[in-house]
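Quick notes on the structure that follows.
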Amino acid sequence: MALITGAGRGLGRAHALLLASRGARVVVNDLGTSGAGTGADASPAQSVVDEIRAAGGEAVVNGDSVVDGGRIVEAALDHFGRIDLVVNNAGFLRDVAFHKMTAADWDDLYQVHLLGAFRIVHAAWPRMREQGYGRVVNTSSAAGIYGNFGQVNYGSFKLALHGMTQPLAVEGKAKNIHVNTIAPAADSRLTRTVMTAEQLAPMRAELVSPLVAWLCHETCTETGGLFEVGGGFIAKLRWERSGGAYLDLTGGNAVEQVAEAWGTITDFSKCDHPAGFGEAMAPFVKLMGGA
């Protein structure tokens, strides 16, 4: 049983259709707002449900805002009795240079991209723990990973979603709950505001969904991962840390030491790839007298 937010159009629609075609029962959640997050329209979500049912699948519409995540999860449980898969896909853009950004431009995106995802997963998590099974896929963006002009609001919450993914993956692993993040590049209402139709032609939304379906599959063991995906290209990202430098910063020339060692501090010719909190803490454990 899959709950997919923002499933009335674009990526969410593609995810819903693919998962339904593989036997998942789907809650198609979509408030039906504009690309800037205004208004409401139930018809896109209903259209996806009609398409799934016409193909012999099972699906229901949910038109609640993701801010009411608990209510959406309850609706899923009322219809299907369980919840196995959550795909947090809902979102919108409100691009503006940071010095022109209003509090509403920040708060409105926070409500949908981050708070809404939290509330849905928080409501579904106890059920997943009880049944010893769950899959969560969060949708990030290159704007969060790498930064992009005019998207301080959007990028902040998109990267924060992966920040939510990683500790959830740690907490969920013992209960067979896997949590991953995708950063898709695809033709959608959002990307059409910054890219041309010619650029987006090979980037069909349905080319992202196979990765989502695999991350949701019961035999997939991946958890805590971050994946870039689009147009048939899929790659996993990982943290990389330079070899660094150990400095004696107890004297009066501490700032000068940092400046002198800057080339070594930022040199990636010798690096490691911490895969978890323990590995990340290794240099500090060494300083504290650990192994």
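The values are calculated or read from the model by the stated rules, or taken from the named source; none is laboratory data. Bear in mind the structure is a predicted one, so any value in this text is a computation, not a measurement. Here the Cβ is made from the backbone with ideal geometry for all residues, glycine too, and neighbour counts use every protein chain on show. For the accessible areas, the whole protein counts, side chains as well, though only heavy atoms, and no ligand, DNA or RNA atoms are used. Shrake-Rupley method; radii C 1.70, N 1.55, O 1.52, S 1.80 Å.
Numerical summary
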read-out: Candidate residues HIS273, HIS99: accessible-area rank, largest first, probe 1.4 Å; value: HIS99, HIS273
read-out: Relative contact order of the chain, defined on C-alpha pairs under 8 angstrom at six or more residues apart (%); value: 14
read-out: Charge context of ASP267, other residues only, Cβ under 15 angstrom, K/R +1, D/E -1; value: -1
read-out: Gap separating the Cα centres of the stretch 199-213 and the stretch 223-287, nearest whole Å; value: 32
read-out: Computed lengthening from ARG241 to GLU171, 0.36 nm per intervening residue step minus Cα-Cα distance; value: 22.8 nm
read-out: Among ALA97, LEU85, ALA160 the positive-end extreme of the charge dipole of the chain (Cβ point charges); value: LEU85
read-out: Compactness of the chain - radius of gyration and Dmax, Cα, Å; value: 21.2, 75
read-out: Sequence-distant lysines (8 or more away, or on other chains) whose Cα lies within less than 22 Å of LYS158; value: LYS100, LYS236
read-out: Surface share of carbon and sulfur [accessible, 1.4 angstrom probe, percent] for the chain; value: 56
read-out: Surface per residue (accessible, 1.4 Å probe) for the chain, Å²; value: 51
read-out: Candidate aspartates and glutamates - alpha carbon under 18 Å from LYS175, same-chain residues fewer than 8 apart omitted; value: ASP84, GLU130, GLU218, GLU222
read-out: For the stretch 165-249, projected area of the alpha-carbon convex hull averaged over all directions, nm²; value: 9.3
read-out: Antiparallel content of DSSP bridges confined to the chain, in %, to 5; value: 20
read-out: The chain, helix-only ellipticity at 222 nm - DSSP H runs n ≥ 4, -39,500 (n - 2.57), divided by all residues, nearest 500; value: -11500 deg cm²/dmol
read-out: Coarse-grained scattering of the stretch 67-127 at q = 0.22, 0.29 Å⁻¹, given as base-10 log I(q)/I(0) from a Debye sum over alpha-carbon atoms; value: -0.84, -1.19
read-out: Beta bridges by DSSP in the stretch 143-291, antiparallel share as percent, to the nearest 5; value: 65
read-out: Heavy atoms of MET288 accessible to a 1.4 Å probe, total area in Å² rounded to 10; value: 140
read-out: Over the stretch 75-197, relative contact order from alpha-carbon pairs under 8 Å, at least 6 apart, %; value: 29
read-out: Unit charges on C-beta of K, R, D, E only; dipole of the chain, Debye; value: 440
